[in-house]
Structure formats: C-alpha cells, structure tokens
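What follows is a set of notes on a single structure, which appears directly below.
The values are calculated or read from the model by the stated rules, or taken from the named source; none is laboratory data. What you see is a predicted model, and the numbers here were worked out from it, not measured in a lab. Positions of Cβ are generated from backbone atoms using ideal geometry, with glycine treated the same way; all protein chains shown enter the neighbour counts. Calculation scope for accessible area: heavy atoms of the full protein, side chains included, ligands and nucleic acids excluded. Shrake-Rupley method; radii C 1.70, N 1.55, O 1.52, S 1.80 Å.
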Amino acid sequence: MWRIIDNLLLDHDLRLVLLAAAICVFGAVSTLSVSSRAAGKRRTALWLALLSVCAAATVWSTHFIGMLAYKVSMPMTYDPGLTALSFMAGAVVMGLGFFIAMRFRSVSSARLFGGAIFGLGVVVLHYIGMAALRMPGHLTYSPDLVAASVVFSLGFGALSLLVEFGPSRSLGRVTSTLLMIAMIVALHFTAMGAVNIEQGLTHTAAADGVSRSVLVTAVAVASLFILFIAMTGAVIDQRVSRRLAAEADRFRTLAEGAFEGIVVHRGGTIVDANSVARRMFGLSENAAGQSILEWFTQTTGEYQIPLSVEEGDRTLELVLRRPDGSTFPAEICRRRILLTDGADGELFAVRDITSRKEAEARLAHLALHDSLTDMPNRRFFMELAQKNISLAQRTGERFALLAVDLDDFKLINDIHGHAAGDELIRVTAKRIAATVRDADISARFGGDEFAIVQTCASQPHLAIALAERLLDVLRAPVYLDGAEVTVSVSIGVALYPDDGSTVQDLLRNADTAMYRAKADGKATCRFFEPQMNAALVARRKLEQGLRRAVAEDRLSVVYQPIVDSSCRTPLAFEALVRWHDEELGLIMPGDFIPVAEETGLIVPIGEFVLRRACFDAMTWPAPLRVAVNLSAVQFRRKGLIDTVQRALADSGLPGNRLELEVTETLLVENRDDALRVLTELKTLGVRIAMDDFGTGYSSLSYLQSFPFDKIKIDRVFVSDLPTNMQNASIVRAVAAMGKSLKMRVVAEGVQTDVQAELMKELECDEMQGYLIARPMSAADIDAFLSDYTDAATGTLRLVAAAV
C-alpha cells in the first residue's frame, strides 16, 4: 500500500493526475449514461458498441494521461500498433462484459460475471498499453501488486455492473459510477506501483514510436470528443425516452378508459395490459412477462406473432380462450408499434363480440323464422322444401306439401282483438309442431297461413293420416281472453312429383286444394286435382275484376220495391248492388259478395251503396224509405256509426227514412257489441230490420234483447207456398210474434198472386218479390211510382204504415 502511495505522490505530476481523474470521472458518468440507454433498446448492438467505445476511451485516456504524469528521467515513446491494440482489445472484452450483464440482467450472478469480464477488459487495456511503452530499458512488475490490480479491477467491475443493471436504477447509478471510477483508479495506480524500470539498451526510444506528448494529447482530445458525443447522445436519447414515457402515460390513461381490452406484447410476451384486458383474460395487476399464446384455441389455426412488416395493420375475428377454459368470439385489431425502450412490439385491441355475435345470430334467425311463432318463415321453408326436392330427385321418393289455413280467422281478430288473434296463431303453431314428425318441415307464411312438408315415400296415405290428425287437434277449444273459442282449419294437399316439380308449383296447387276445402264447407281436407286450377283461376279473375270495379266506380245500385200486403202500396225500396264487367258480363251478387267479404272489399262497396241509396232516396216522395243491407264485415269494422252519419248528413236524408238490414249471424258472432252498435244507430232515427229470419239460429232472445223495427222472412219459406203447409205455419207464427212484439213482418221472394194472397191471409205486413217488380234503376222509380200517384193531386197514395 505504501509503495502505491509513494508512487502516486513522488513519481507522478499531481496536476496531470488530477486531469486524468477529471477525465476518468467524466468518462465514467458518460459511460454509465450510455449504458442506461443501451439496456433494452431495439438498436442494442449499436448502443452496446458505443458503450464499449466509451468505456475503452475512458480507461484509455485515463491510462495515457496518467502515464504522462509519471515522472521518468529517460525518453519514452509508444508503439502505435500495440497502443491501438490496447484500445480495441479493451473495448471488445468490456463490450462482452456489458453484453452478459445486460442480456441476463435479471440474474445477479450473471451481472457479477459480466462485471468481472468488464474489469478484465480494463486489465487487458492497461497492460497491453504498458507493453506499448518504448524506452532505453525494460519494465519489470511486482507480482503481488499486479495481482492486486487485477483483483481490484475484476472486483470493482463486478460490483459496478451488479449495481448498474440491478432493480434499483436511481440509487444504483451513483454507486455504479463511483465503483467504476474506483476500478479504473485502483487498477492504474496499483499497476503503476508494480512497475520497475531497469535501464539498458534494449529499446531505442527516439525512433521506435510516437512521443508521449503527441500520443497523450491525441488520446485526450479523441477520448474527450468520443465521450462528449456519447454523453450528448445519451442525454438526447434520455429526453426522447422521457417524452415517449409521457406519451406512454397518456396512452395508458386512454387505454384504461377504453372499452376494449388493450394489450402490448413483444413476441408473444406481454409488456402491458389495461384493466379490461386483465379482467378479460384473468391477468394479474402486473401482467408483464406473461404469454398471450395460451389465449388462442386450436381452431384459430396458424397465427403469426408478431405481425410481419408486410402485414401492416389488420383486423380479424378469432375465438379466444379464458383462463377457466371457456371461449368467446373476439375482434382483434393488430398494429405494429415502437415500445418505450425502442424495441418492436405489437398492440392488440381485443373486443369481446359475444353480444354482437348473439345479435347477428338472432337477426339471422329472425330472417328465417316467424317472429310470432318461431316457426320457419316462407323464405326458409322454400329453401328447405327445395332441398327436399333435390333429395327426392336422387332417391325417387315422394312427399306431400300441405297448405293449412284457419277458418274465419278475421272474425276472431275482429271480435276478440289482434292480441287474441296472435295468441290463437301461437297455439295453432304449437299444436302443428307437436303433431308433425321431427323429419317434417312446418312453417308459418304470415296471417293464418301455415305450410307443412311431409317426407315419406308412402304417399298419399300418410298425408291423409296427418291431415286427419291436424283437423282433429286444431279444432280443440282455445281460451282467448277468458272466452272459449273453437276454430277449424281447411287443408289442401299437393304431392311431389304428381302435382308439381317445383316448390312454387306445389305451393300453388296446395293453396288451390285448400281453397276448394273452404268452398266445400271448411273444416276439411282436399287433395289437389287438375280441374281445381280452373276454378281458382276464375276466382282470382273475379277478385281482380272486382277490385278494378271498386277502384273505377263501375258498380251500380238498383232498387226493389217493398209494398203493403193488403193494398200493395209502395212503402220502401231495398237497395241492391249490381256489377257488370266488360269482360265477364253481368255478375250476380251471390257470386261476388262472398269474394268481397273474404277480401274486405265489402267495406268500400257497402259504403258506396249506402251513400248512393241515401242520395237517391232524397229524390223520392216522402216518406218512402230506402233499405240497405249491412254485411257482418262492415259491422265489425270500427267507424260504421260515422259512415252512416256522414251519409245522412251529406244527402240530407232524415234518419227515419233509412232502414238497415242485419242478419242473425251478426248477433251470434258478438252479441254485446252488436247490440251496442244497433242502439247507437237507433239514436240516429234509423230503422233496424232483421234480414233472412228463420235461416240462421232464429233465437227469440235476439228479438227480446233488441226491439227491431222489422222482421224479414227468408224466401225459402215463401217459395213453396201454399203446397208446404209447414212453412205456412212458420210464416203465421212469425207474423203473430211480430205483431205481439210490435214489429212489422216482411215476406221476401213473393212471385205469384197465390203467394201474395196467402201472405195477406197470414197477416204479413209487407212483401217484396218479382210479383211486385224486379229490381230497377233509380231512373225507373218515377215511372213505377206513377201508378200509385193520385191523378188529381199528383201526390203519392200511401198507407199509414209508410209514414
């Protein structure tokens, strides 16, 4: 130790020693500043090379300035080759030490080993530099001090990098700097204390090398320049890193507020993750270091991590796995990014799209299924039926297509409301689904229309059996809003390939058979027959023509007189609608009125007849009345009262000159509502007649519940009089009942004088029929009334009943 101190104080120029120390301190600070930049950078090799050069320059400049401070009495020069080799060898060995310490920084022993290699590099640089010395003599070393210098260098070097790359970077920076300075100083002065110079003629100092002053000046300037550049670069890089860190903090704030899970990873290893991602994948608060590869299921397939440069940004949908093993669909947006330490990384924005996929599945389901019953809709049914045809074409099998339609569904809707109608549809759908086999296809087309494909080669026998089961099951009572309702169905059946080779043909022919079932009385089943098409085409043609007639005002109204039975004086005229089509000719009401009621066209037709009758009646002598029939469909529609009020108000016809004829069926369908509407009509002064009495339910309770003004006996009881005495008794009983209830009784369909006389004898108050007059146009009424006009006064002869 005393030799080292003596050597420092007696054999060195202290001013140059202080200069060497200053360069050593500056170099150590610069070197370790660069080391903080080198750790983890994406340009690691470049920073490691700069770090090695900085460390070598620090030791090199300290060594040679220290050598300049060494007092010797003989000329000394330096071999340029060995001098350069000392720098390069020292830089390489020190770089290896830095690489080991940084690469395995998480392992303390690795940092110690790397630091020892770093110290070894300092030893190599120093002693090769000493070997470059040229003078007239040679050097010898004290082994004990040489060993001490090596121990000092390796020990302080190991401790320096152990602290520098340890977990506590802020405190470790100062400590590692001091340790590095101690390493350089201890090595140099211990090694110099070990030097013994023996003069001789071994070397020629003047000619063999570079002079001390030139070399030291060049080394000092070059080293300081290198250290300054490195220090400046480190400071600039540190500021950039701070800015990146600030941006990272801002990014973290935004990421924590995001709805997606955001993960930053390097080669599949998580660098950071926001709270959404941690919850999504069950990550700990510090997720760094965990792998993302376990998130991907086997069904994901090949998945490149990280993205290649060619891929750029990508958005893809994958199935990811949670820690509990469950999976979920996710949308991943991927982007290559630069991490805060300068390395390449990748950002994942992971969105759980389970809800979206469920919504898409629901939409896809709704696109192919009926929203009310969840049965396949028409579109899906057509696809499935087409697949059935394709299969049948390969196997040669037959199958049946059944069209099922509820009877009088509109009536249920009108009486009980649409909510009850929907419930009826749902119940019907459940019953159909429970009746068909799993292999069969059942669907709802909308409204009250259903369709079934029955797959089986044993046709038509199984189709007959299925239709019978459906007829039986679907006629079971249904409770709608507390009321028991019984509804039947009509079924049409078409067979493949007998009745069609396409789905459209089969559906059309099954519909045709179903309409025949309705025409044959409903609540039955019909198989398609070729001649049915002609009837269906005729009906469709009739419906189309009727729609045109209503739209183009081609209907007309004729009037048939109603007269007093005793004197045959006219009392009223019944308004009857007529339709003459240019193509179809004259079409009778019995042919087109049912079509109008089925399609709803009876509503505009009925309003047209009512208004025309009121306006025409205003041209007749008072108090002649006009009688207008009301359809049950009209009666069920809201707004009937308003329609009658407008017709009376617009025409100016008094209410007591209007008679509205209703049927018993109307009262049966919804008695309470019907009586309420009839009562409101009565308040307008309108007279109410029960039409076709005796052909329906003929319940006397209806006559008791509502005071009708008139009862009209149907023509079926009049046509075979007087030969059918039973009918005569019925007419007499109705007439007597009418008198007792103070209701006038009208006999319809009177065609002979014998029938007219009998009506008079049976005490019917009024009658109408071809015997009196055929239906006539409004223009012909004046001529008809002329026979009942007093020639002297020009007034109409009326009986008291007409007033």
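In the structure shown, do any of K387/K430; K410/K712; K387/K541; K387/K410 have a Cα-Cα gap over 26 Å, and if so which?
Among K387/K430; K410/K712; K387/K541; K387/K410, the Cα-Cα distance tops 26 Å for K410/K712; K387/K541; K387/K410.
Could you go through region 349-361 in sequence order and give the Karplus-derived ³J(HN,Hα) for each residue, using 6.51 cos²θ - 1.76 cosθ + 1.60 with θ = phi - 60°, rounded to whole Hz, and x for Gly and Pro?
The phi angles translate into 10, 9, 10, 6, 9, 4, 4, 5, 5, 5, 5, 5, 5 Hz.
How would D672, D520 rank on accessible area, largest to smallest, probe 1.4 Å?
Sorted by accessible area, descending: D672, D520.
Mind checking the log10 I(q)/I(0) for region 530-673 at q = 0.10, 0.15, 0.21 Å⁻¹? Debye, one equal scatterer per Cα, no solvent, two decimals.
Results for region 530-673 at q = 0.10, 0.15, 0.21 Å⁻¹ read -0.40, -0.84, -1.33.
For L179, L366, L681, give the ranking by accessible area with the largest first, probe 1.4 Å.
L366, L179, L681
Please report the net charge: other residues with Cβ closer than 13 Å to the Cβ of R611, K and R +1, D and E -1.
-3
List every residue whose amide H lies under 5 Å from the amide H of E661, counting only residues 5 or more places away in sequence or on a different chain, with H placed 1.01 Å from N in the peptide plane.
Residues meeting the criterion, in which the H sits 1.01 Å from N, are V628, N629, L630, A689.
Based on the Kirkwood radius over alpha-carbon pairs, what value in µm²/s does the Stokes-Einstein equation return for the translational diffusion coefficient of region 363-484 at 4 °C and 1.567 mPa s?
In µm²/s, the coefficient is 84.
L178 versus V92, label points 7 Å from Cα toward the beta carbon: distance in nm?
My value for the distance between the label points is 3.6 nm.
Scan around F573 for amide H atoms under 5 Å from its own, H built in the peptide plane at 1.01 Å from N, and keep only partners 5 or more places away or cross-chain.
Counting only residues 5 or more places away or on other chains, the set is I562, R625, V626, A627.
Heavy atoms only, probe 1.4 Å: what % of the accessible area of region 535-648 goes to carbon and sulfur, would you let me know?
52 percent
Once you keep just the Cα pairs under 8 angstrom separated by 6 or more residues, what percentage relative contact order results for region 577-704?
Reported relative contact order: 21 percent.
Mind listing the long-range amide H neighbours of I337? Cut-off is under 5 Å, sequence gap 5 or more, other chains count too, H placed in the peptide plane at 1.01 Å from N.
Hits under the 5 Å cutoff: G345, E346, L347.
Within 11 Å, Cβ to Cβ, of D374, how many net charges do the neighbouring residues add up to if Lys/Arg are +1 and Asp/Glu are -1?
+2
Applying the Karplus parametrisation 6.51 cos²θ - 1.76 cosθ + 1.60 with θ = phi - 60° to the phi angles of region 589-605, what ³J(HN,Hα) value in whole Hz is obtained for each residue in order, glycine and proline being reported as x?
Listing the rounded values in order: x, x, 8, 9, 5, x, 5, 4, 6, 5, 8, x, 5, 5, 5, x, 5 Hz.
Skip the ligands, DNA and RNA, and give the accessible area per residue of region 103-142 with a 1.4 Å probe, whole Å².
Accessible surface, normalised per residue, equals 38 Å².
Work out, in µm²/s and without decimals, the Stokes-Einstein translational diffusion coefficient of region 332-414 at 20 °C, 1.002 mPa s, Rh from Kirkwood over C-alpha pairs.
It diffuses with D of about 116 µm²/s by this estimate.
Going from most exposed to least, what order do W620, W60 have by accessible area with a 1.4 Å probe?
Ranked from most to least accessible, the order is W60, W620.
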